[in-house]
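Just so it is clear, none of the values below were taken in a lab; they were calculated from the coordinates. Note that this is a predicted model, so its numbers are computed, not measured. All Cβ positions, even for glycine, are placed from backbone atoms using ideal geometry, and neighbour counts span all protein chains on display.
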Amino acid sequence: MNARIRRTGLVITVLFGLLFIQAVNLQVFSAERLYDNPANAYRQIVSEYEVDRGSILASDGKTVLAMSRPTGDAFKYLRRYPQGELYANITGFYSLVYGTSAVEHTYNSDLGARNDQLFATNLLDQLLGKPKHGASVVTTIDPDLQRLATKELAGRPGAVVAMDPKTGDVLAMVTAPSYDPNLLSSHDPKAIRTEWARLNADESKPTVSKANQELYPPGSTFKLITASAALENGYGPDSSWPNPSALSLPQTTHTLSNFGGEHCYGGVARLTLDQAFTVSCNVVFGEIGLNLGAQKVVDQAEAYGFNQDIPFDVPFVTGNIPPVSYFDEREPAVALSAIGQDQVAANPLQMALVASAIANGGVEMQPRLVTEILDPTGQPIQTLRPVEFGTPISPATAHEMTQMMIDVVDHGTGTSAQISGITVAGKTGTAQHGTGEAPHAWFVCFAPAEDPQIALAVVVLDGGDLGSEATGGAVAAPIARTMIEAALRRSR
């Protein structure tokens, strides 16, 4: 009798062993092959929606940007975005028809329970007949700053990016107009397609982030780069430059004038680099660009990340400046590019990186949106560290640029960004972008200048409420001031 029991027990043990081996084979070694089989397309979709997808969280680990909830129908879980448009360009969508985008796409394997570190948990859940649970993603976003930036834009088309210059953490990234990802993440394919068609027919392109995917002429904020090139090539803040009322451009009868046709500093014969930067003198900076030459201007822009592939958690179209060969027969374009016009283009994320590099002593960090991956119990399974992108300028140049940016806010074009008791370093920009079109209003800054905690780039498109009368100092600088005040108040 005992021998029979032992044989039966051995058979059962072997069967359980074979069952376990087969489960491991299906879950690990054959999973990808089976999942990618076209015959399993519908089954793939159903199986994806059987996963309790992980949440996307703000930096506090509590504010939920995206979550899943049970439905009780064939697609067992529905993706929800509790605050809709506020974080759409960060979370992206999880769509039955159009797949995934933004963080939902980049971290799809983690959120969808396919992270290798979740294997043991998933296998146990499967054996117990429980649904799979995805990992959660913790972002760098400060929900208070995100809401404030949205409020400050007040529905005007544009974008705001706030960063920690020391780590590259994106504290806020707002684009307006935005869209509601809930409408693309329903379980009704017809409704999803209708919403998608509506969004794509909208000329304002709400599904394309103006913060990191679109490019605009940066106007005089590009003088941060031209001034950096001048300093890096031996022209100090006190270097002297001619100050005509207009700059005669080579190879043409055209001239370059200052904003509003003004003659900087009342028409004095010469200005220092610092003075020209403080009042954003186009004529002088055009001359500086011509003196430096295309190679040095392009090299400096590329050192800051223009024309480069800068890693980021969601799609990022970096700034653009034409190659040096473009300027060979277009010498006037060097002067125009030096003031952020012609074919130069950027977005707030790119310009926030420029400000961050200056604020961080010349070291530019890669921007990042995610710091941690958490298992279903809330325990970290992966921590993502800050990564350095490059060193576009020397510490000495960063110090001189900081002092010049302080002058802009203290007594130049950026006085609207002044904050009592806080030293703000900034640069305004008013970018022309078409005949008869109102200019884009820019402001790029960081604070406190002595120990920077936040760097910002703001753009309000087409002049916002002021239309053709808009300037970066009047429209964008007040938004930055409010953001800085809020950020520093929270850090005290």
Per the 1/(1 + (r/R0)^6) rule, R0 = 60 Å and r from the Cβ atoms of Ser245 and Tyr98, FRET efficiency to 0.05 is 0.65
Interchain or sequence-distant (5+) residues whose placed amide H lies within less than 5 Å of the amide H of Ile419 are Val424
Charges on Cβ only, +1 for Lys and Arg, -1 for Asp and Glu, centred on the Cα centroid of the chain; of Gly426, Ala230, Gly61, which one is farthest towards the dipole's positive end?
Gly61
The local net charge around Leu456, scoring Lys/Arg +1 and Asp/Glu -1 for residues other than Leu456 whose Cβ lies under 12 Å from its Cβ, equals -1
Full-stretch length increase - Gln295, Ser257 - with 0.36 nm per residue and alpha-carbon distance subtracted
11.3 nm
Charges on Cβ only, +1 for Lys and Arg, -1 for Asp and Glu, centred on the Cα centroid of the chain; of Val370, Ala149, Pro315, which one is farthest towards the dipole's positive end?
Val370
Any idea which of Ala417, Gly473, Phe389 is furthest toward the positive side of the dipole for the chain, if Lys and Arg beta-carbons carry +1 and Asp and Glu beta-carbons -1?
Phe389
Here the alpha-carbon Rg of the range 163-242 over 2.2 N^0.38 Å rounds to 1.81
Normalised contact order of the range 335-492, rounded percent, pairs of Cα under 8 Å and 6 or more residues apart
19 percent
Report the semi-axes of the equivalent ellipsoid for the range 186-338 in whole Å, largest first, where each axis is √(5λ) for an eigenvalue λ of the Cα gyration tensor.
39, 18, 15
Just to be sure I follow the definition: excluding the sites themselves, where is the longest run in the chain that has none of the GluC sites (Glu not before Pro) in a DSSP loop with at most 12 other Cβ atoms within 10 Å?
1-202
Could you compute how fast the range 369-492 diffuses translationally, taking Rh as the Kirkwood radius over C-alpha pairs and applying Stokes-Einstein at 10 °C with viscosity 1.306 mPa s? Give it in µm² per second.
97 µm²/s
Can you pull a Stokes-Einstein diffusion coefficient for the range 293-358 at 10 °C (1.306 mPa s), Rh from Kirkwood over Cα pairs, as a whole number of µm²/s?
129 µm²/s
From Cα pairs below 8 angstrom and at least 6 apart in sequence, can you work out the relative contact order of the chain, rounded to a whole percent?
15 percent
So what are the ³J(HN,Hα) numbers for the range 135-144, from phi and the Karplus equation (6.51, -1.76, 1.60; θ = phi - 60°), rounded to whole Hz, Gly and Pro as x?
7, 9, 10, 9, 8, 8, 6, 8, x, 5
Once the Cα gyration tensor of the range 401-450 is diagonalised, what are the square roots of 5 times its eigenvalues, in whole Å and ordered largest first, as equivalent ellipsoid semi-axes?
25, 10, 8
Coordinate range along principal axes, alpha carbons of the range 342-392, Å, largest first:
52, 24, 14
So what is the diffusion coefficient of the chain in µm² per second by Stokes-Einstein at 10 °C and 1.306 mPa s, using a Kirkwood Rh over Cα pairs?
65 µm²/s
Sorted by chain and then number, the residues having a modelled amide H within less than 5 Å of the amide H of Ser95, at least 5 places away or on another chain, are Thr100
Counting only C-alpha contacts under 8 Å and six or more residues apart, can you give the relative contact order of the range 57-187 as a whole percent?
30 percent
Taking the highest mean first, how do the peptides 167-179, 60-72 order by number of other beta carbon atoms within 10 angstrom per residue?
167-179, 60-72
May I ask for the distance between the Cα centers of the range 424-473 and the range 49-69, given as a whole number of Å?
34 Å
Would you list, by chain and number, the lysines whose Cα falls below 29 Å from the Cα of Lys210, excluding same-chain residues fewer than 8 positions away?
Lys62, Lys151, Lys166, Lys190, Lys223, Lys296, Lys427
Using the crude model of +1 on Lys and Arg Cβ and -1 on Asp and Glu Cβ, and no other charge, please compute the dipole size for the chain relative to its Cα centre, in debye to 20.
2200 debye
Over the range 301-459, with a single point scatterer placed on each C-alpha, what log10 of the ratio I(q)/I(0) does the Debye formula yield at q = 0.14 1/Å?
-0.81
Neighbour counts of other C-beta atoms within 10 Å: give me Phe446, Phe312, Phe222 arranged from fewest to most.
Phe312, Phe446, Phe222
Using the Cα centre as the reference, give the magnitude of the dipole from point charges on the C-beta atoms of the range 45-116 (Lys, Arg: +1; Asp, Glu: -1; all else neutral), rounded to the nearest 20 debye.
140 debye
